[in-house]
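Engineer: Okay, here's the structure, questions in a sec.
The values are calculated or read from the model by the stated rules, or taken from the named source; none is laboratory data. Model, not experiment: these values are computed from the prediction. Cβ placement follows ideal geometry from the backbone for every residue including glycine, while neighbour counts extend to all protein chains displayed.
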């Protein structure tokens, strides 16, 4: 195996590192040819899988079968409680196994700690910028590509339990290009992706859990603007000028629901 | 339909395609995948009341993966091995490409799918969970019952194997 830091580099491109950990990994990659090659190969592979390896959809036949099987199982509700121990055990076992592993390495322990801490406004800025740059590096910016909000908005349904506002602002120079799922503030986030000239803009939307937001922030040359609306938190992230990003976020904030 | 079942369907059915996709890639067989998903959904139906605040999708992925393991163990006891089915290209649709590029891409696709299908099981499952189902390391560790460190090294090996098998064949990265 080429570089001893390969697993850290991999954790970085998989979006598992945040804050200081991510900065350390990023700095290492910048100076390590092996890790740069690893990133390029992993990104090409990821891209290849998205383009060439199909996601199989459940056949209708299976849906019908399942419907019958569930109806049958429903008819015998007593069996539900017959073996709670055994049913619960594999899940607890799986969780126990994972927690056991956390003790093994400093990195794993750090990941676990990061995952349970509520993010401060400052680290929230790190996280959304980190998520944005990781998406750019790994080429995973867009999971559903479309400039039609009638395609992008329903795509999120069933994938995440919130409905982000999606609109095209092509007239104002911000073209809707698609969406993906990501994470912000330890919570799943819907990301609506826009393009302004050569700049990619990620609009993160996640459920408000009462966390404070930073307002605006700049990290590694990327700008982020945060706001709350209703029970949702928003962050717009891009490498374009702060003024243009403000124009964009005002458009989004002002749009009719 | 009971409340119980309605709640289950609202929770689990949005992930049916993901469950089938995982079972299909793990088992490499459409008919096994259907059996595995049915088994998994029934197990999930019996157990979902105990789900407390966890994400449904990783939980369901875990059950699918366990059902696949059970199914594979049964086959092994009966003494027959599932052969990887011939990767098929029928469902791939190419838009706006000329015939030659199409053929090249179809062959790319076949090679990549064959390379994934022939990965050892331990590598294949972490790769599919990460690259297709987008689970975090923690969720993958839960699903396969291995420490996070093991998940990380298996994932790196899976990627290295595919890099050698697929990327090395010619320069797919540049297309």
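Engineer: Could you tell me whether the stretch B:50-62 includes any residue that is at the interface with chain A (Cβ under 9 Å from one of its Cβ atoms) and farther than 20 Å from residue A:159 by Cα?
Structural biologist: Yes; the residues of the stretch B:50-62 include at least one that is at the interface with chain A (Cβ under 9 Å from one of its Cβ atoms) and farther than 20 Å from residue A:159 by Cα.
Engineer: Can you name every residue in the stretch B:6-18 that is more than 13 Å from residue A:159 (Cα to Cα) and crowded, with 16+ Cβ neighbours inside 10 Å?
Structural biologist: Passing the criteria: B:8, B:9.
Engineer: For residue A:186, all conditions in the list (1) modelled with pLDDT under 85; (2) touching a strand residue (DSSP E or B) at 6+ places or on another chain (Cβ under 6 Å) hold save one; what is the number of the exception?
Structural biologist: Every condition holds for residue A:186 apart from (2).
Engineer: Looking at the stretch A:4-24, is at least one residue surrounded by fewer than 16 Cβ atoms within 10 Å (Cβ to Cβ), more than 8 Å from chain B (Cβ to nearest Cβ), over 21 Å from the mean Cα position of the chain (by Cα) and within 17 Å of residue B:155 (Cβ to Cβ)?
Structural biologist: Within the stretch A:4-24, one or more residues are surrounded by fewer than 16 Cβ atoms within 10 Å (Cβ to Cβ), more than 8 Å from chain B (Cβ to nearest Cβ), over 21 Å from the mean Cα position of the chain (by Cα) and within 17 Å of residue B:155 (Cβ to Cβ).
Engineer: Let me ask another. Of all residues being within 14 Å of another protein chain (Cβ to nearest Cβ) and outside any loop (DSSP other than H, G, I, E, B) in the stretch A:141-177, which is surrounded by the fewest Cβ atoms within 10 Å (Cβ to Cβ)? Just the residue, please.
Structural biologist: A:154
Engineer: Within the stretch B:22-32, how many residues turn out to be within 11 Å of the chain's Cα centre (by Cα), facing another protein chain (nearest Cβ under 9 Å) and under 17 Å from residue A:65 (Cβ atoms)?
Structural biologist: Within the stretch B:22-32, residues that are within 11 Å of the chain's Cα centre (by Cα), facing another protein chain (nearest Cβ under 9 Å) and under 17 Å from residue A:65 (Cβ atoms) number 2.
Engineer: For the stretch A:129-140, name all the residues that are in a loop (DSSP other than H, G, I, E, B) and either buried (at least 19 other Cβ atoms within 10 Å of the Cβ) or at pLDDT 85 or above (or both).
Structural biologist: Within the stretch A:129-140, just A:140 meets the criteria.
Engineer: For the stretch B:52-77, which residues satisfy the criterion of being assigned to a loop (DSSP other than H, G, I, E, B) and without any contact (Cβ under 8 Å) to a residue 12 or more places away in the chain?
Structural biologist: Residues satisfying the conditions are B:52, B:53, B:54.
Engineer: Continuing with this model, one more query. Check whether at least one residue in the stretch A:213-235 is at pLDDT 85 or above, within 20 Å of residue A:173 (Cα to Cα) and in a loop (DSSP other than H, G, I, E, B), and report yes or no.
Structural biologist: No, there is no match, as no residue in the stretch A:213-235 is at pLDDT 85 or above, within 20 Å of residue A:173 (Cα to Cα) and in a loop (DSSP other than H, G, I, E, B).
Engineer: Is it the case that residue B:175 is surrounded by 18 or more Cβ atoms within 10 Å (Cβ to Cβ) and either over 14 Å from residue A:42 (Cα atoms) or at pLDDT below 90 (or both)?
Structural biologist: Taking the combined requirement at face value, the residue does not satisfy it.
Engineer: Quick one: residue A:105 ticks every box in (1) within 23 Å of the chain's Cα centre (by Cα); (2) at pLDDT below 80 bar one, so which box is it?
Structural biologist: (1)
Engineer: Filter the stretch A:25-70 for residues that are closer than 26 Å to residue A:127 by Cβ, more than 10 Å from chain B (Cβ to nearest Cβ) and in a helix (DSSP H, G or I) and give the result.
Structural biologist: A:25, A:26, A:27, A:28, A:29, A:30, A:31, A:35, A:36, A:39, listed by residue number.
Each row is one residue, and each column tells you yes or no for (1) within 8 Å of another protein chain (Cβ to nearest Cβ); (2) over 20 Å from residue B:20 (Cα atoms); (3) touching a residue at least 40 places away in the same chain (Cβ under 8 Å); (4) part of a helix (DSSP H, G or I).
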residue	(1), (2), (3), (4)
B:107	no, yes, no, yes
B:111	no, yes, yes, yes
B:116	yes, no, yes, yes
B:128	no, no, yes, yes
B:134	yes, no, no, no
B:138	yes, yes, no, yes
B:150	yes, yes, no, yes
B:158	no, yes, no, yes
B:161	no, yes, yes, yes
